[in-house]
Every structure is written in C-alpha cells, then in structure tokens.
Amino acid sequence: MMNTQIAITCSHLTKKFGSLCAVDDISITIPKGCIYGFLGPNGSGKSTTIRMLCGLMTPTKGEGTVLGYNVIQDAEIIKHHIGYMSQKFSLYEELTVEENLDFYAGIYGITGKKAKDRKAELIKLAGLTGRERQLARSLSGGWKQRLALSCALVHEPEILILDEPTAGVDPLSRRVFWDVIHSLSKKGISILVSTHYMDEAETCDKIGFIFFGKLLVEGTPQELKERFDLPNLEEIFIHLVEHEQEPGRRVDEI
Amino acid sequence: MKGRERMGYSFIRFKSIIRKELLQIRRDPPSLAIAIVMPILMIFLFGYAVNTDVNHLPMGVWDQDKSSQSRELVQQFVNTEYYDYLYQIEGYEELQQSIDEGKVKVALVIPANYSTLLDTGKEAKLQLLIDGADPNTARTALANAQLLIQNKSTSIQLQKLEKQGLGPVEMPITLQSRVLYNPNMESLVFNIPALIGLIMQNVTAILTAFTLVREKERGTMEQLVVTPVRPLELIVGKLVPYIGIGMFSFCLVLLTGISWFGVPVKGSIILLVVLSLLFLITTLAIGILISTVSKTQLQAMQMSFAFILPSVLLSGFIFPRESMPMVVQWLGGAIPLTYFLEILRGIFLKGVSLHSLWDETLILSSFTVLICLVAILKFRKRID
Ligand SMILES: Nc1ncnc2c1ncn2[C@@H]1O[C@H](COP(=O)(O)OP(=O)(O)OP(=O)(O)O)[C@@H](O)[C@H]1O
Ligand SMILES: [Mg+2]
C-alpha cells in the first residue's frame, strides 16, 4: 500500500564511489509538509543522498520512493513534482534573472499568462524586484541563491530539495530564505534541506545527523536535546562527531 | 494519469532550449568569432597553401652554346609557364649546388655544339636535371620537358622533309584531346570546393562539440537533468540554433570561393545550398555526439581532433579514394565528408543535378538520423 502521507522515504540507501562508501545504508522517512534538516560535516554524504533521491545518481544498493514513485524506475515522473537547488549555483550566469526564470518555466511546460503571473509572483517572493534585467553572473551570493530558489519553485513542486541553500549567504538573505521555506511548509510543501547552520536546523521539524555516510541519529530538535541532555544542537553535533571519531564506538552505545 | 501524460515530447520545452541557446550564443562573442572568422581565415590560408599546380618551377640553365638557337630553346621552356628561368649556371659544380640548396628545381644543360649539331642535322643531346624529392612536381616537370622537346624534334624533322621537296607533310596520327569539367586542369578549381567542405565540417563540429560538455563542467547540467526535459528535446534543441550560424558561415566561405578565388559553380547554387545544409546538420550532430560522450571540454577537443584528422586523409580530400586500398576506402566510406566532397565537386565542377547525387544525399541523411539517435540514446539524465 502506498502511504499518501509520506513525501520521501528510503531504506538501506547506499552509494559507493570505487572503494569509498559515500552513503552507507541510510533509511529515512519524511512525512508530507515536514521540514527535514540534514546535518553533517563536510564530505559526510549529504549531497550524495540528496542526489540519489532526485534521481541524479543511481544508488549502489537500497531503494527509495518520492511521493510513492520509485527513485530508480520512476525518476522521470518524480522530476515533475520536485524542485531542486544544488549546492553549487547551477543556473545560467550569462542569462538575466528574468531569462533564467523564463527558461525554467518553459522547461516545465508553463507558458503565456500563467508563466508571466508565476514569474511576477516568484520575483516578489524572493525579493528580486528591480533585478529582473540583471545578469545572473553579476548577482552576489545571496541573490544568486534567491534566484535559484525561484527557479526551483517555478512549477509549484510538492517537494523542495535544497542542498546547502544558505552557504555563504549574508544573514538578511538567510532570514528571507528561511521565511520563504517556512511559508512554503505551511502550504503543505515538504522540504528536505541540508545545512551547516545550527540555528537553521533548530527550526526544522525533524533533523538527521549524517556522518561518514551513516545516519547517526534522527528526531525533532527537542527530542534530541532531551536524549543527549545537551542545551543546543551545536553541542550535540560536536558530541556526536567526537564520539564517532573514537574507534570502536557505535552510536547505539551512547 | 497526469504524470504519465506529461512524459511525452514537448514543443514548449524544445522552444525554450532553442531560445536559451540563442541567448547564450549572442552573449558569447568568442563562439561567434569561431563561426565567422575561422572559416574565412582557413579558406584564405589553405586556398593558397593547397595549390598543387606545378608551374613556375625555378629553372637554372647552363648554356654552353650561347647561340641564338640555344636562347630560343630556353625561351620555349619559359613560354610554357611551367619553368621560370632564374639562374644562369656555369659548370657542373654550380649546377649541383643550386639543386642542393633548392634554388632551382630543374636544370637544363645545353652542350657547346648545340647549334652546330642542329644545323648539320645531327642529334643534339640536351640534359635535364630534376629535383625528384617531390615526385608529383618532378613528374610534371619531366613530362612537360619531354613534350616540348618531342614537338620541337618533330617540327625540325618536318621542316627537313619539306625542304627535301616532299611537299607539305601530314602527321600520321594526331590526338585531339579535350579535358572535361576543369579544362585548364587548375588544381584550385578542384581544391576550393573540397576545402569548403572540410572547413565547414571542422567549424560546425567544433561549434557543437562544447555545448553539452560546457554545461556539465559549469554544473548547469545538474539543474537541467532534474527537470522533465527529454534527451530528444535537449539534443535537437541545442543543434537547431547552430544550423543558422553554420549556414551563415557556409555562405561566407562559398562567396569567398566564388568571388575571390574565381571558382565557378557549374551546377545549381540552390541544390548546392540545400545539400550543404544537410551536411551541416550531419556535422553539427557529430559535434553533439562528441559533447554527449565526453566529460570535459578537453576531452571534447581531443575527440574533435580524432575525428577531423582522419577525415582529411580518408575522405578523398588530398588523395583520390580510388587509388586507396580497399580497407581504407571502406573506412573513408564511414566519414560523411567523403560524400559531401562528391556532392561539392559534382555540383561545382560537373554541374550535375540531384539525380546523380541521390546516393550521397541518402547516405548523408541516414548518417544524420543515426548520429542524432546515438547521441539521444547515449545521453544520460544522470551525473554519476
Ligand atoms: N562523483 C563523485 N565521485 C567520487 N567521489 C565522490 C563523488 N561525489 C562525492 N564524492 C565523495 O563522496 C563523499 C561524500 O560527498 P558529499 O558531496 O555527498 O558530501 P557532503 O556531505 O555533501 O559534503 P559538503 O558538506 O562538503 O557538501 C566525499 O568524500 C566526496 O569526496
Ligand atoms: Mg554537499
């Protein structure tokens, strides 16, 4: 039976690059309308997991579904329903803000008045008003990310997958960004977001710590703080990383 | 189901890709320069370089006779325009040296008793030394000298017979030859059409060889492949804008060939343009295929060269395919340029109609479809 309340789920998801196991047996479930935060040090496998869920990479082992569609066989159907922002800015630098939006609107088959209205709406939402004619190349970090978010939202996806959307972004842009994320979540959109900022993680409905490709712990920020008896997520993060680096120790023993 | 319905080919997506590609090309002057400056530069450069006509060879003469008859003989050599009398030589040593240094390619030695022998009706022995390093040049130089001397001997013989009172003498056999298609056998007329084909192949293949791989390197491909875009829409949508650019660049090169190098088009220009359009699409597709299978721009560059170099040798651009071993001919048959050269030479030199070019047209069309298909099948909406 397909559970209609689940946005994303995966079990035993594994990805190997040669001998390197970038993602090691990860199983997660993200309910609809939930903001799921992915935490973990550099190179822990966050991006790789995200890419497998978007159908960008083929898992070595394990499986996953997005909105009930299998990530391997139904990748093309999934692509109609998700909006994705990659870690690296990946829009066209030599196109203007407007042209990038127009292009992605066209790619998602949106035309005419609908496209025009959607574009205006997104420009307003991301606070890009006045920069429509600016080349993407000339935008600064925060503005680039706002544009990328707009492009990922152009087709009104049910699921938004964001890979470190606020890395290297000024505090104001970050605030704007997260305001948008929360308002989208209120509208019932499910969001998977990876981040290194603990203040951002604090506002997620659920978070997962991933380290060396393994999912160490998972839960709401409140649950985790109670479980480890630590005041904030930052302490938990450091605690987990330090303990995991000691050889022979497993998460279950903590 | 809604999701399934939207899985098909979408004209809107196709149009968006074309529009985006055009915008990118417009904002990237270097790529436009490749399309416009490079072909013109190449046709001028190679147009003069591949002139394989053997004429105006530097000639040295060691005239030991120094008579009016020996001077007449030298003048006859010069009149053929195959030889330029540049050096007066005295002695074998100097003669050897001039050939060694490459100052002269041909040296004529006239014996001291040349006029005396002629006047007394005895055999005069001339000597011709030829630099045989380039066999093609040497062969032509030799053949022309032999022809000239034979003609001269015959006319002397005839004069003698007439003087002896045999009246006007007629030659027993004469050969009336007529060279078709390129009557003056100018190599330029033969080479320029082929050169146009080669230049267009190289320019267009390189134009598209980078389009996809650039997106892979810059990371824009990652965003593109999480959309519902189909490989067919992407590959064909990326190809279409370059057809216009390729055609523009083709017309420039064609005009240069016709007006600057004075190579006439015997057949229909319209047919030439239509079939060239077909060939452009073929080579653009080859570029896209290269772009599809390579991971980096460097790889795409290497693959382009790996494709261009053999096509120069195997297509019949330099050497006639008929004189190649069978296996090499087959290899040449796998290169689209081979058929386009047939088309170009056919229309330019022979003025043939589509009727005689059906085979080439069909083969090129099949190539185009096949290459596009392979590119579409090879294109992966994945980044691992
Ligand atoms: N295409 C690839 N080929 C080989 N190794 C890869 C590839 N992509 C990622 N890796 C490796 O897999 C591991 C996990 O990488 P990943 O990008 O998923 O980490 P991450 O958690 O997103 O890190 P960061 O916080 O730096 O973005 C790293 O060691 C990385 O070097
Ligand atoms: Mg990452």
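Counting only other chain Cβ atoms within 10 Å of each residue's Cβ, the peptide B:18-30 averages 3. For segment A:19-63, a drop of 10 Å² or more in accessible area on going from the chain alone to the assembled protein chains (1.4 Å probe) is found at A:ARG51, A:GLY55, A:LEU56, A:MET57, A:THR58. Ligands, DNA and RNA are left out, and with a 1.4 angstrom probe the accessible area of segment A:66-180 is 38 Å² per residue.
For chain A, modelled as a GNM whose springs connect Cα atoms under 10 angstrom apart, the maximal fluctuation among A:ILE189, A:ILE28, A:ILE210 occurs at A:ILE28. Solvent-free Debye calculation, one equal scatterer per alpha-carbon of chain B: log10 I(q)/I(0) at 0.07, 0.11 Å⁻¹ equals -0.49, -0.88.
With 10 Å bins beginning at zero, the pair-distance distribution over Cα atoms of segment B:40-94 amounts to 21, 36, 22, 15, 7, 0 %. Ordering of B:141-151, A:32-42, A:93-103 by packing is A:93-103, A:32-42, B:141-151, highest average first (other Cβ atoms within 10 Å, averaged per residue).
Chains B and A: what accessible area do they bury, summed, in square angstrom to the nearest 100, with a 1.4 Å probe? Show your work: numbers first, answer last.
Details: alone 21740 and 12460 Å², together 30990 Å².
Between B and A, the summed buried area is about 3200 Å².
Cα extents for segment B:57-163 along the principal axes, largest to smallest and rounded to whole angstrom: 46, 27, 19. In degrees, nearest 10, range 0 to 90: what is the angle between the Cα axis of helix A:97-107 and the longest Cα principal axis of chain A? Here the helix axis deviates by roughly 80 degrees. Translational diffusion coefficient of the protein assembly as shown (Stokes-Einstein, Kirkwood radius from Cα pairs, 10 °C, 1.306 mPa s): 52 µm²/s.
Which net charge results for the neighbourhood of B:ILE156, defined as the other residues with beta-carbon distances under 13 angstrom from its beta-carbon, given Lys and Arg at +1 and Asp and Glu at -1? List each step's numbers first, then the result.
On the way: positive: B:LYS122, B:LYS152, B:LYS160, B:LYS163; negative: B:GLU72, B:ASP119, B:GLU123, B:GLU162.
Residues close to B:ILE156 contribute a combined charge of 0.
The helix-only estimate of mean residue ellipticity at 222 nm for the protein assembly as shown, built from DSSP H runs of length n ≥ 4 each weighted as -39500 (n - 2.57), is -16500 deg cm²/dmol after division by the residue total.
When the other protein chains are added to the chain by itself, burial of at least 50 square angstrom of heavy-atom accessible area (probe 1.4 Å, ligands and nucleic acids ignored) affects these residues of segment B:340-384: B:ARG382, B:ILE383, B:ASP384. Compute the long axis of helix B:231-255 from its Cα atoms, compare it with the longest principal axis of the Cα atoms of chain B, and write down the angle in degrees, 0 to 90, nearest 10. Here the helix axis deviates by roughly 30 degrees. Size descriptor for chain A, Kirkwood hydrodynamic radius: 18.9 Å (Cα pairs only, one decimal). Charge tally around A:GLY33: other residues with Cβ under 13 Å, Lys/Arg +1 each, Asp/Glu -1 each, net +2. In order along segment B:131-141, phi translates into HN-Hα couplings of 6, x, 4, 9, x, 4, 5, 4, 4, 5, 4 Hz, rounded to whole numbers, per the Karplus curve 6.51 cos²θ - 1.76 cosθ + 1.60 with θ = phi - 60° and x for Gly and Pro. In sequence order, segment A:5-10 has phi-based couplings of 8, 9, 7, 10, 8, 8 Hz under the Karplus curve 6.51 cos²θ - 1.76 cosθ + 1.60, θ = phi - 60°, and Gly or Pro positions carry x.
Averaged across A:77-85, how many Cβ atoms of other chains sit within 10 Å of each residue's Cβ atom? Walk me through the intermediate numbers first.
Details: counts 7, 3, 9, 6, 2, 2, 2, 5, 2.
Mean partner shielding for this stretch: 4.
Across segment B:158-168, computed HN-Hα scalar couplings (Karplus, 6.51 cos²θ - 1.76 cosθ + 1.60, θ = phi - 60°) run 5, 4, 4, 5, 4, 4, 6, x, 8, x, x Hz from first to last residue, x flagging Gly and Pro.
About the centre of its Cα atoms, chain A shows a dipole size close to 920 debye [charges on the beta carbon of Lys, Arg (+1) and Asp, Glu (-1) only; nearest 20 debye].
If you fit an axis through the alpha-carbon atoms of helix B:11-26 and take the longest principal axis of the Cα set of chain B, what angle between them do you get, 0 to 90°, nearest 10? For B:11-26 against chain B, the angle is about 50 degrees. Remark: chain B carries 52 Å² of accessible area per residue (probe radius 1.4 Å; ligands, DNA and RNA excluded). For segment B:219-237, accessible area lost to neighbouring protein chains reaches 10 Å² or more, against the chain alone with a 1.4 Å probe, at B:GLY219, B:THR220, B:GLU222, B:GLN223, B:LEU224, B:VAL225, B:VAL226, B:THR227, B:PRO228, B:ARG230. Taking amide H as placed 1.01 Å from N in the peptide plane, the amide H of B:PHE379 sits under 5 Å from none that are at least 5 places away or on another chain.
Under a Cβ-Cβ cut-off of 11 Å, what is the net charge of the residues other than A:GLY142 that fall near it, where Lys and Arg count +1 and Asp and Glu count -1? Provide the component values of the computation, followed by the final result.
Details: positive: A:LYS144, A:ARG146, A:ARG174, A:ARG175; negative: A:ASP170.
Result for the neighbourhood of A:GLY142: +3.
With all protein chains present, how much of the accessible area of the protein assembly as shown (probe radius 1.4 Å) comes from carbon and sulfur, to the nearest whole percent? It is 58 percent, rounded to a whole number.
The values are calculated or read from the model by the stated rules, or taken from the named source; none is laboratory data. Bear in mind that the values here come from a model prediction, so they are computed numbers and not experimental data. Glycine also receives a Cβ, built like all others from the backbone with ideal geometry; neighbour counts cover every protein chain displayed. Ligands, DNA and RNA are stripped out before the accessible areas are found, and what is left, the full protein with its side chains, is counted by its heavy atoms. Shrake-Rupley method; radii C 1.70, N 1.55, O 1.52, S 1.80 Å.
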